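Participant: Pasting a structure here, questions to come.
Read-outs throughout are calculated quantities, based only on the coordinates presented, and are distinct from any laboratory measurement. Just so it is clear, the model here is predicted, and its values are computed rather than measured. Note that we place each Cβ from the backbone using ideal geometry, even for glycine, and neighbour counts take in every protein chain shown.
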Amino acid sequence: MHPLFMIPGLISLYYVLRGELEKAFLNVFLPCTFLVPYYYGFRLPHLPDLSAGAGALLPLGLAVLFRPKTPWKFRRMDLWVVLFMISYAMSEVLRENVPKDGMVLWMQSFVEKFLAYVVGRQLIEPNLRLTTIKRIVFLFMIQAPFALFEFRFGRNFWIELAPRLGIYPAWFVQLRGGTARIATAFGDTILAGIIFLIAACLNYYLVQLYKQNKTILGERMSMLQKYRLPLILLPLFVYMTASRMPEACTVLAFLLMQIPRFKKMKTGAIIILLVVVVFGGSVYAVFQKYTNVSDDQVTDEAQSSAIYRKQLVIAYGPTLEQGGWLGWGLLSTPAQPGMTSVDNHYMLTQLSQGKLGKYLLQIIAVESILTLVIFATKFRNKESQFLVFSMMGALAGTFVAMTTVYMGEQLPQILFLVLGWSQSLQDTSVLGAGVRTRQEIPEGKFRFRRVIA
């Protein structure tokens, strides 16, 4: 770990002390999270490892937690997230062989999940909504040349730079079907696929804004949208990871995001849900046939990987039951011979946090979609509805994809940031002159107001 990566945290702290939380979020946290790999980080004695992004999040999240930007309006999701963090703490203290190591892990999770959730709940809506999405999409466009180079030549810029900084990551460029599987700044290819999926969903909101107003996005983003570059490149990046579940979940997200395009949203929801059910059933049938073969009939690494995920459930069944309600602790989970990689985050959560942690995670997943469905029925602004379904596509795609991958690298803080954000959505519009809420209707009388140039 290199002390250089303490600098983002110090810069973020500087902005926080000056009361410029928005600058800390936009100019430090987001670039460090989406451009700097998770394995570029630091660790102070007796404290957890922190990536550059998590280091930038720490002062920002604590500031928003103890001095909220807006009055806190309780939502059920707040309770589930708090209980999930308590469940994690109980498992690590009571079940870990070395409780001190367990508490260090919990502290890391507190920063990357809970503080990210708090920042998403408090800081983005409504005034930073458009700026945040534009900034995220720009950061992915910056990675485009590196992604294309990695796919073509099998060389990852961040991995090759790491040894020069004294960092030796465990990641390497993987090959599948004769081409490289890109990961760019996100370490693992399947995790990169999920993060590209989230970015593609957020960009869909920008696409809808651009259709209605060609200038609202600013000169640079309007130019990108004019040539459809984010719309083409972000799904292409998912494809270039060669990760089947993120690819399938991108299709799922795209289908969900079509619902507000129907004249009657209820009709659109029925049609899309029928398509999803048929599509999902077909995928499940193909998966069962694909994995129901003997070892001598396996044709390639992709099929072997799919079979491995199916065998995980059977192999870890007794261990899951023995873990009970609090699990084994993340570091103390008994590993099955030849199955050290648990590529199913719900199973991994049950192993480490027990049934309580798994059920809470599943409640969080269901609650996130339910909240967005309620927003979709209440919001009257078409623009806000598109954002609701962009969020729904991102969250549904991520939670489904987690059945075949663990939640690691930058994904926890990105997911919980979006979770918190989705709980705070407002029925607003950025079209026209600035952001206006439905409650901010011009008053009938004039008042003197302080104007800051």
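Participant: Once phi is turned into ³J(HN,Hα) by the Karplus curve 6.51 cos²θ - 1.76 cosθ + 1.60 with θ = phi - 60°, what whole-Hz value does each residue of segment 21-36 show in order, with x for glycine and proline?
Facilitator: 5, 4, 5, 4, 6, 6, 9, 10, 4, 4, x, 5, 6, 9, 10, 10
Participant: Now, a different point. What FRET efficiency comes out for the pair Lys211/Phe138, r = Cβ-Cβ distance, R0 = 22 Å, nearest 0.05?
Facilitator: That gives a FRET efficiency of 0.65.
Participant: How much net charge surrounds Tyr239 when only other residues with a Cβ under 12 Å from its Cβ are counted (Lys, Arg +1; Asp, Glu -1)?
Facilitator: So the surrounding residues net to +2.
Participant: To the nearest 0.05, what FRET efficiency results for Glu247 and Ala170 with a Förster distance of 35 Å applied to their C-beta separation? It would help to have the intermediate numbers written out before the result.
Facilitator: On the way: r = 25 Å, r/R0 = 0.70.
Efficiency computed from Cβ-Cβ geometry: 0.90.
Participant: Once both labels are modelled 7 Å past Cα along the beta-carbon direction, what's the Leu161-Lys289 spacing in nm?
Facilitator: Those two pseudo-labels are separated by 4.6 nm.
Participant: OK, next. Measure nothing but the geometry: give the 0 to 90° angle between the long axis through the Cα atoms of 265-291 and the longest principal axis through the Cα atoms of the chain, rounded to 10°.
Facilitator: For helix 265-291, the angle is close to 20 degrees.
Participant: Also, quick follow-up: What are the ³J(HN,Hα) couplings of segment 397-408, residue after residue, when phi is run through the Karplus curve with 6.51, -1.76, 1.60 and θ = phi - 60°? Round to Hz, x for glycine and proline.
Facilitator: Those phi angles translate into x, 5, 5, 6, 4, 5, 6, 10, 7, 7, 9, x Hz.
Participant: A follow-up question, please. Given the Cα-Cα distance of Ser341 and Ser304 and 0.36 nm per residue of separation, how much length would full extension add, in nm?
Facilitator: 11.9 nm
Participant: Next up: Evaluate the Kirkwood expression for the hydrodynamic radius of segment 1-67, namely the inverse of the mean inverse distance over all pairs of different C-alpha atoms, and round to one decimal in Å. List each step's numbers first, then the result.
Facilitator: Values: mean 1/r = 0.0862 Å⁻¹.
Every distinct Cα pair counted, the radius reaches 11.6 Å.
Participant: Take Val276 and Phe254, extend 7 Å from each Cα along the Cα→Cβ direction, and tell me the distance between the two endpoints in nm.
Facilitator: Roughly 1.6 nm, to one decimal.
Participant: Quick check: residue separation of Leu370 and Gln426 times 0.36 nm, minus the Cα distance between them. What number comes out in nm?
Facilitator: Contour length minus the Cα-Cα distance gives 18.6 nm.
Participant: Quick check: the angle from helix 189-212's long axis to the longest principal axis of the chain, C-alpha only, nearest 10 degrees?
Facilitator: So the inclination is approximately 20 degrees.
Participant: A follow-up question, please. I need the phi-derived Karplus couplings for segment 137-154: 6.51 cos²θ - 1.76 cosθ + 1.60, θ = phi - 60°, integer Hz, Gly and Pro marked x.
Facilitator: The phi angles translate into 5, 4, 4, 6, 5, 4, 7, 3, x, 5, 5, 5, 5, 5, 5, 7, 10, x Hz.
Participant: Report the extension gain between Arg43 and Val313 in nm, rounded to one decimal, defined as 0.36 nm multiplied by the number of residues separating them, less their alpha carbon distance.
Facilitator: 93.7 nm
Participant: What 222 nm value per residue comes from the helices of the chain, counting each DSSP H run with n ≥ 4 as -39,500 (n - 2.57) and dividing by all residues, nearest 500 deg cm²/dmol?
Facilitator: Estimated from H runs of four or more residues: -19500 deg cm²/dmol.
Participant: Net charge within 13 Å of Met347 by Cβ-Cβ distance, Lys/Arg positive one each and Asp/Glu negative one each, not counting Met347 itself?
Facilitator: Values: positive: Arg309, Lys310, Lys355, Lys358; negative: Glu321, Asp343.
Within the 13 Å Cβ shell, the charges total +2.
Participant: How high is the FRET efficiency from Phe74 to Arg380, r the C-beta distance, R0 25 Å, rounded to 0.05?
Facilitator: That pair, Phe74 with Arg380, gives E of 0.55.
Participant: Could you state the number of Å between the C-alpha centres of segment 3-59 and segment 159-212?
Facilitator: 20
Participant: Can you give me the long-range amide H partners of Thr404? Hydrogens built in the peptide plane at 1.01 Å from N, cutoff under 5 Å, separation of 5 or more residues or another chain.
Facilitator: His345
Participant: For Gly41, list long-range residues whose amide hydrogen, built 1.01 Å from N in the peptide plane, is under 5 Å from its own amide hydrogen.
Facilitator: Those qualifying (amide H under 5 Å, at least 5 residues apart or on another chain) are His2.
Participant: Counting DSSP beta bridges with both partners in the chain, what percentage is antiparallel, nearest 5?
Facilitator: Numbers: 8 of 8 bridges.
So the antiparallel bridges in the chain amount to around 100 percent.
Participant: Which whole number in µm²/s is D for segment 179-249 by Stokes-Einstein, with the Kirkwood Rh taken over Cα pairs at 25 °C and 0.890 mPa s?
Facilitator: D, rounded to a whole number, is 193 µm²/s.
Participant: Going by amide H atoms built from the backbone, whose H comes under 5 Å of the H on Arg176, apart from near neighbours?
Facilitator: Arg181
Participant: Cα-Cα over 29 Å: which of Lys266/Lys358; Lys134/Lys358; Lys73/Lys264; Lys23/Lys113? Before the final figure, lay out the partial values.
Facilitator: Working: Lys266/Lys358 32 Å; Lys134/Lys358 34 Å; Lys73/Lys264 31 Å; Lys23/Lys113 21 Å.
Over 29 Å apart, Cα to Cα: Lys266/Lys358; Lys134/Lys358; Lys73/Lys264.
Participant: Report Rg/Rh for the chain, rounded to two decimals, where Rg is the Cα radius of gyration and Rh the Kirkwood radius.
Facilitator: On the way: Rg = 22.2 Å, Rh = 23.1 Å.
My calculation of the ratio gives 0.96.
Participant: To the nearest 20 debye, what charge dipole does the chain have about its Cα centre, counting +1 at the Cβ of each Lys and Arg and -1 at the Cβ of each Asp and Glu?
Facilitator: 2160
Participant: Further question: Peptides 205-214, 310-319, 178-187: what's the order by average Cβ count within 10 Å, highest mean first? The partial results should precede the final answer.
Facilitator: On the way: 205-214: 16.9, 310-319: 14.2, 178-187: 21.8.
Descending mean neighbour count gives 178-187, 205-214, 310-319.
Participant: Where in segment 42-80 does the amide nitrogen come within less than 20 Å of the point 7 Å from the Cα of Leu331, taken along Cα to Cβ?
Facilitator: Under cut-off, by backbone N: 42-51.
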